[in-house]
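Novice: Here you go, one structure.
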Amino acid sequence: MNDIKINETPVAEEQAQPILTHERSLSRKIAHGSEARDILDQQMAILGIQLVTQLNVLIKTSRIYERTNSALDKPVDTMLTLIKTMAQDQPLRLRLQNDFLFLGDSHLKVNAQQMAVATSIIDVLNVWKIGGITFSLAVESKDLREFAALFVSLDPAKNTIEDLQKEIISRNVAGIGLEDQRELQIRPGTEATASSQSGDTNSAGSDGVKNVDSKGQRKIAAKNGYVKVGESVGSLTKAAREGGTVSFKQAKRAIQNIIDIMQDDEATVLGLTTLRCHDEYTHNHSVNVSLLSIALANRVGYPKVELADLGLAALFHDMGKSTIPLEVLNKPGEFTDDDWMLMRNHPTEGVLILSRMRGFTNLPGRMAAASFEHHMNQDFSGYPKLAVPWTLSLTGRILTIADCYDAMTSSRVYRREPMSPSKVLNMMFSKSGKAFDPVLLKLFVNCVGIIPIGSLVMLETNELAVVLKPAADKANAERPLVRVIADPQGDSVEHGREVDLTEKDETGEFRHHIIRLVDNTEYKFDTSRYFT
Ligand SMILES: [Fe+2]
Ligand SMILES: [Fe+2]
């Protein structure tokens, strides 16, 4: 898999001045829960992103220049303005929790452009095991400069956060405090369990702690969850066609359940996307796109409740296809120009159908975007073509990647043979920055692996194996966890052993390696059965 190139995409350094849109003492006067408070919180979040951006610039610039150098003036001045604005009521807390950035208690949502900056700060905080930085009104220009200089002069491999804190005190840095990192449970045991929601009999224990820790149980729960999502999309599509009232509750619950399972075991859930039921392409495709989008959005840092909204939007991205006659949709031969015209209309038709659905008072913007934008492409080379300038939403960009990946790896009606997952990734990388958002595409590879889940590989033992899970360690991305499915003679093996390709022998050499990727079409193996 050496031919996949993942290029580092330089992200423009943002040096925007802060936008100061509210009176400084205003926050004390606005009631919690009011609309004005929401607006204020949104503004604080925007300022929070700017703070992170400037902190990143400050640290990077401090690696090159002395603390008094004028190159530091701009980030320092901007940070001071931000702190003076935001720390009016109480010290400003920038926190890191489970690799997500928070401003106080609010999650700082970043878009794809801001992701590189956020990741860079997250990495710095992680290296030092810093759980939070507090800025108070006492902070001055010299403090910020000294603080940044400390960060880059001390070696985190030889120093601890305590050393850093001691230095902060001994150098009289005022107004800046550090908090330790604490390991926090993402999901405390009081939440509903995946198994009980999915109808599995292995329900939660009386203490409410999830009881899906064994692999087998989790697989069953995941499979049931997948089926439930599929069922809900089926009944909703039917209801939409017949003009009935549509309730998204069931679908949303099913998606929520899948998200729960995914947070424990992403690979098992993504393994389900290799399920290919040919005549039900559209339903399976919608569920797969939903799962792949959720996994990608999770890497982007979407909070859990937004993951469910995105998953739901993804589930209905192809709703417009219900306007295409089945003879066209299932046509075995080539599409005519007229057929293509119908196909190209499905994103717009989708928006119309969704907005006509009874049960919606308001079409959620994310759902409209999912349908309307998923074939547009990053460079607008796709469809629909627009006469007016358009900015693609993050949802649309995520969907484009998940949709293309699933469509190409599936055996679909108008593409008789599915492409192997790695070939599809290669093809997608050749369009990085054109059809696809390059940063998102890189994150997507982290989800499915550089040799994606469901790929067939030949080991050096001449055994054939299927990829179950990407390697946890990115440095060993080409060494996934696999399961042997055929012996060296090519005879299929039941319950073949799992091989962790990162495993080393006594001499420190890798025990096994992949000698070649095998095209899934070369062997008529249905790899999905290894995930169910
Ligand atoms: Fe589509
Ligand atoms: Fe699609």
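The values are calculated or read from the model by the stated rules, or taken from the named source; none is laboratory data. Nothing here was measured: the structure is a model prediction, and the numbers come from that model. Every residue, glycine among them, receives a Cβ derived from its backbone with ideal geometry; neighbour counts consider all protein chains shown. Note: accessible area is taken over every heavy atom of the protein model, side chains too, but ligands, DNA and RNA are not part of it. Shrake-Rupley method; radii C 1.70, N 1.55, O 1.52, S 1.80 Å.
Novice: If you stretched the chain out fully between Lys304 and Glu242, how much longer would it get, using 0.36 nm times the residue separation minus the C-alpha to C-alpha distance?
Specialist: Full extension of this stretch gives 19.1 nm more.
Novice: Also, quick follow-up: At a Förster distance of 41 Å, what's the computed FRET efficiency of Asn126 paired with Met427, Cβ-Cβ distance as r, to 0.05?
Specialist: Calculated value: 0.75.
Novice: Ordered by packing density, taken as the mean number of other Cβ atoms within 10 Å over each peptide's residues, highest first, how do 41-53, 217-229 rank?
Specialist: 217-229, 41-53
Novice: Separation between the Tyr65 and Ser141 pseudo-spin-labels, each 7 Å from Cα along Cα→Cβ, expressed in nm?
Specialist: 1.2 nm
Novice: Starting from a Cα-only point model with no solvent, please compute log10 I(q)/I(0) by Debye for the range 95-176 at q = 0.26 1/Å.
Specialist: Treating every Cα as an identical point scatterer, log10 I(q)/I(0) equals -1.32.
Novice: When the Kirkwood hydrodynamic radius is evaluated over all pairs of different C-alpha atoms of the range 322-361, what value in angstrom, to one decimal, is obtained?
Specialist: Hydrodynamic radius (Kirkwood, Cα only) of the range 322-361 equals 11.3 Å.
Novice: Between Phe335 and Asp379, what length in nm is gained on full extension when 0.36 nm per residue of separation is reduced by their alpha carbon distance?
Specialist: My answer for the length gained is 13.4 nm.
Novice: Less than 10 Å Cβ to Cβ from Leu72, Lys/Arg counted +1 and Asp/Glu -1: what total charge do the surrounding residues give?
Specialist: Values: positive: Arg67, Lys74, Arg145; negative: Glu66, Asp73, Asp77.
Overall, the nearby charge balance is 0.
Novice: 7 Å from Cα along Cα→Cβ at both Thr323 and Ala174: what's the point-to-point distance in nm?
Specialist: Once both label points are built, they end up 6.5 nm from each other.
Novice: Let me understand the range 382-522 better: what is its radius of gyration from the alpha carbons, and its Dmax, in angstrom?
Specialist: 17.8, 64
Novice: Another question, if that's okay. How large is the accessible surface per residue of the range 325-396, computed with a 1.4 Å probe and reported in Å² as a whole number?
Specialist: 58 Å²
Novice: Continuing with this model, one more query. With all protein chains present and a 1.4 Å probe, how do His283, His513 order by accessible area, largest first? Could you put the intermediate results ahead of the total?
Specialist: Details: His283 60, His513 80 Å².
Heavy-atom accessible area, descending, gives His513, His283.
Novice: About the Cα centre of the range 303-354, what is the dipole size in debye to 20, counting +1 per Lys and Arg Cβ and -1 per Asp and Glu Cβ, all else neutral?
Specialist: 200 debye
Novice: A follow-up question, please. Which listed residue (Pro421, Ile453, Leu392) has the Cα farthest towards the positive end of the charge dipole for the range 384-520, taking +1 on Lys and Arg C-beta and -1 on Asp and Glu C-beta about the Cα centre?
Specialist: Going by the Cα projections, it comes out as Leu392.
Novice: Looking at this model, which pairs from Lys60/Lys158; Lys219/Lys304; Lys109/Lys423; Lys60/Lys423; Lys84/Lys442 are more than 28 angstrom apart at the alpha-carbon? Provide the component values of the computation, followed by the final result.
Specialist: Numbers: Lys60/Lys158 20 Å; Lys219/Lys304 21 Å; Lys109/Lys423 33 Å; Lys60/Lys423 37 Å; Lys84/Lys442 37 Å.
In this structure, Lys109/Lys423; Lys60/Lys423; Lys84/Lys442 exceed 28 Å between Cα atoms.
Novice: Taking a probe of 1.4 Å, how large is the accessible area per residue of the range 81-144, in Å²?
Specialist: Value for the range 81-144: 40 Å² per residue.
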